[in-house]
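Below you'll find the structure, written out as structure tokens, and then a few comments.
Values in this text are rule-based calculations from the coordinates and carry no lab data. Everything numeric here is computed off the predicted structure, so don't read it as measured data. Quick reminder, even Gly has a Cβ in these numbers, built from the backbone with ideal geometry, and neighbours come from all protein chains shown.
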Amino acid sequence: MSKTPLKSTGADLEALRHSASHVMAEAVLKLFPGTKLAIGPAIEDGFYYDFETPGAFTPDVLEEIEKLMAESIKANHRFERIEMDREEALKFFRQKDQIYKMELIESIPDEKILFYKHGDFIDLCKGPHVVSTGEVKAFKLLKIAGAYWRGDEKNKMLQRIYGIAFYNKKQLEDHLNKLEEAKKRDHRKLGKDLNLFSMQESIGPGLVLWHPKGALIRKIIEDFWKDEHLKAGYDLVNTPHIALLDLWKRSGHLDFYEENMYSPMQVDEFKYEIKPMNCPFHIAIYKNQIHSYREFPIRWAELGTVYRYERRGVLHGLIRVRGFTQDDAHIFCLPGQLEEEIKKIIDFVVYMLSTFGFKEYDVYLSTRPEKFVGSQENWQKATNALKNALEQKKMKYEVDLGEGVFYGPKIDIKIKDVMGRAHQCSTIQVDFNIPEKFDVSYIGEDGNEHRPIMIHRALMGSLERFFAVLIEHYGGAFPVWLSPVQTELITISDAQLEYASSVKKKLEEKGIRVHLDDRNEKMGAKIREAQMQKIPYMIIIGNKEMEDQTVSVRTRKGDQQNGIKIENFISEINRKIDAKN
RNA sequence: GCCGGCGUAGCUCAAUUGGAAGAGCAGCUGACUUGUAAUCAGCAGGUUAUCAGUUCAAGUCUGAUCGCCGGCUCCA
């Protein structure tokens, strides 16, 4: 048995990717001597390395780096582990003027500092690595980006190169294909192709124009949302878009949220502020009268449109915008009702999201951060309630220590789309701040005033973001119940227009969203366009159908059935619509 | 906000070293009357994001601004 293996076991993709980042750093140093190295870890699907170079990397430099990497891989250098003591290590990097590495050593408590060496390249590194560079067979450098040293925007910005690496070419190809597929599903592209929404320079960044087809889908979502809330024991409320600046002073938003709020506007002799959140309004409704413990839980929901200032660089399609509509609700309850309410919300979230086709979630429980309001005892109770609810609902979750909002602990639910990507949408937060600020109270069994518990929750998060995720999840091919046009009527020639109109009328009478393509085009052209618009059903009408008083049905998947009675088609499509698929 | 890239017709993209702004699709008009993913012809469509500059000459070079894209930081 040889002492050192000739090849890694193949179990550790992370080691492979980390090794690739070393090989990349070696190449960058060769190409740009004097480059200062920061960090180069493995990440999901790949790796990156942060550099400081005198000039900026250009995209074509990636190819040159790849070539140099290929040489190092061909040379099949072994990765060797080296130990130095602290002084030696610092001296080593001081000679090379590697200031970031010196800073990194400062934060390593051990006396022995680990290095890995392959060929002439030595890097501070605790490993592990693959056995030799020759194992890095399938890699590709993807993009250049800016990144702050240690992720802090007060620090210098470095240049980061991202790459991906896999065990073999096949996996690499598969991954690149997946990226291509994601590009095709991009909601910004589909939003344009399917004429769902736009954002325009003349309107302003981060402000969404919902076009008729997008607005129709939104209406379906909103109707469903409202109906389900009424069924679930919520009341619907509506509140204004602006309010006196004083409201936001009292709520504390001006203290802790000002950087996300727009400047106030002057109206008569008063200052008004456009709302970044809905909570103060719901509180105002609550405070408009005295409440008894007997009323609890009180659940108020609103599709509330809020406006938040977001730095320009963070805007992204519908995912991150400046004006958006939250599917907001606030629940006032007794301490003893908290856990039960959380459980109900979890059920509601799962029901809602699964109706839209999302069956997989990543769940996070965020606990008390360093800066917080409210008593430690209340935090503990609320956090336990959230935790118990998750456990009783058998939800797998991760704890995000200290990642809660300053006003209370929270559960975040990220949905996973069909590509396996996670999106932050749902959130359930306990709020100790607002009830305090507004002196919210109820009359208890004892006749005295008490402070209720307030839960803030959103199921979809914002309609804009949810719509983006929905578009990408379905790749624009919405299920029938959500499709803006459910059936396209396609005539073969003008001779069938009259019959087609009567079919259209019959479908419309049954509430089916139908469009008649009465243009003087060939059938093939009409089918092609309906197909590209991802319309679920195409009804083809020629002389044959007209004589038999039937239709031919083609689905967007390409299935084809001829001689269908209109009534049968209607009951079939309505069955699907009712089943919400 | 920061680093880098990009911005030509409604859409997708051309335009050689700085040397007359172009194509396909979409639109409009007309012809054709069609059997499962593009019928043909004609017409129209532009302050090349905006503003300044260099030059005999700028889509192309320089600067500023705006917007978008990839990231970082931040987040529904």
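Report ³J(HN,Hα) in whole Hz for each residue of segment A:321-326, in order, from the Karplus equation J = 6.51 cos²θ - 1.76 cosθ + 1.60 where θ = phi - 60°; Gly and Pro get x.
10, 9, x, 8, 10, 8
With labels modelled as points extended 7 Å from the Cα through the Cβ direction, what inter-label distance (nm, one decimal) is found for A:ARG250 paired with A:GLU377?
2.8
Between segment A:547-574 and segment A:305-362, what is the C-alpha centre distance in whole Å?
That distance is 39 Å.
How much of the calculated P(r) for chain A lies past 41 Å, in percent of all Cα pairs? Spell out each step's value before the answer.
Values: 74323 of 168490 pairs.
Beyond 41 Å sits 44 percent of the P(r) for chain A.
If all Cα-Cα distances of segment A:487-578 are sorted into 5 Å bins from 0 onward, what percent lands in each bin, rounded to whole numbers?
3, 15, 29, 29, 19, 5, 1
Working from the alpha-carbon coordinates of segment A:13-181, get Rg over Rh, Rh being the Kirkwood radius. Could the numbers behind the result be given before it?
Details: Rg = 15.6 Å, Rh = 16.3 Å.
Answer for segment A:13-181: 0.96.
Using only alpha carbon pairs under 8 Å that are at least six residues apart, calculate the relative contact order of segment A:487-578 and give it in whole percent.
29
With a sphere of radius 15 Å drawn around the Cβ of A:ASN562, what net charge do the other residues whose Cβ falls strictly inside it have (Lys, Arg +1; Asp, Glu -1)? Each step should come with its number before you reach the end.
Values: positive: A:LYS544, A:ARG554, A:LYS565; negative: A:GLU545, A:GLU547, A:ASP548, A:ASP559, A:GLU572.
Local net charge: -2.
Dipole size in debye (nearest 20) for chain A around its Cα centre, Lys and Arg Cβ +1, Asp and Glu Cβ -1? Write out the running numbers ahead of the final one.
On the way: 86 positive and 89 negative charges, 267 e Å.
Rounded to the nearest 20 debye, it is 1280 debye.
About the Cα centre of segment A:403-445, what is the dipole size in debye to 20, counting +1 per Lys and Arg Cβ and -1 per Asp and Glu Cβ, all else neutral? Don't skip to the end; give the middle numbers.
Working: 5 positive and 7 negative charges, 75 e Å.
Result for segment A:403-445 is approximately 360 debye, rounded to the nearest 20.
I need the calculated FRET efficiency for the pair A:LYS183 and A:SER502, taking r as the beta carbon distance and R₀ as 35 Å, to the nearest 0.05.
Numbers: r = 43 Å, r/R0 = 1.22.
After rounding to 0.05, the efficiency reads 0.25.
If you average the sequence gap of Cα pairs under 8 Å that are 6 or more apart and divide by the length of chain A, what percent do you get for the contact order?
Values: 1015 pairs, mean separation 55.9, N = 581.
Worked out over chain A, it gives 10 percent.
Set the bar at 31 Å for Cα to Cα. Now go through A:LYS170/A:LYS557; A:LYS506/A:LYS557; A:LYS275/A:LYS371; A:LYS36/A:LYS126; A:LYS36/A:LYS184; A:LYS396/A:LYS437 and name every pair that lies beyond it. Don't skip to the end; give the middle numbers.
On the way: A:LYS170/A:LYS557 28 Å; A:LYS506/A:LYS557 24 Å; A:LYS275/A:LYS371 24 Å; A:LYS36/A:LYS126 19 Å; A:LYS36/A:LYS184 38 Å; A:LYS396/A:LYS437 34 Å.
Result: A:LYS36/A:LYS184; A:LYS396/A:LYS437 exceed 31 Å.
From Cα pairs below 8 angstrom and at least 6 apart in sequence, can you work out the relative contact order of segment A:13-181, rounded to a whole percent? Walk me through the intermediate numbers first.
Numbers: 297 pairs, mean separation 47.9, N = 169.
Relative contact order for segment A:13-181 comes out at 28 percent.
Report the full-extension gain for the segment A:GLU173 to A:HIS241: residue separation times 0.36 nm, less the Cα-Cα distance, to one decimal in nm. Don't skip to the answer; put the middle values down first.
Working: separation 68, 0.36 × 68 = 24.48 nm, distance 4.93 nm.
Gain in length upon complete extension: 19.5 nm.
Which FRET efficiency value, to the nearest 0.05, do you get for A:LYS74 and A:GLU370 by plugging their Cβ-Cβ distance into 1/(1 + (r/R0)^6) with R0 = 41 Å?
On the way: r = 51 Å, r/R0 = 1.24.
Plugging the Cβ-Cβ distance into 1/(1 + (r/R0)^6) gives 0.20.
With each run of n ≥ 4 DSSP H residues scored as -39500 (n - 2.57), what mean residue ellipticity at 222 nm is computed for chain A after dividing by its residue count and rounding to the nearest 500 deg cm²/dmol?
Details: 18 runs with 210 residues, N = 581.
It lands at -11000 deg cm²/dmol.
Take the Cβ-Cβ distance between A:HIS316 and A:SER354 as r, set R0 to 25 Å, and report the resulting FRET efficiency rounded to the nearest 0.05. Please list the in-between numbers first.
Working: r = 26 Å, r/R0 = 1.04.
Working from the Cβ atoms, E equals 0.45.
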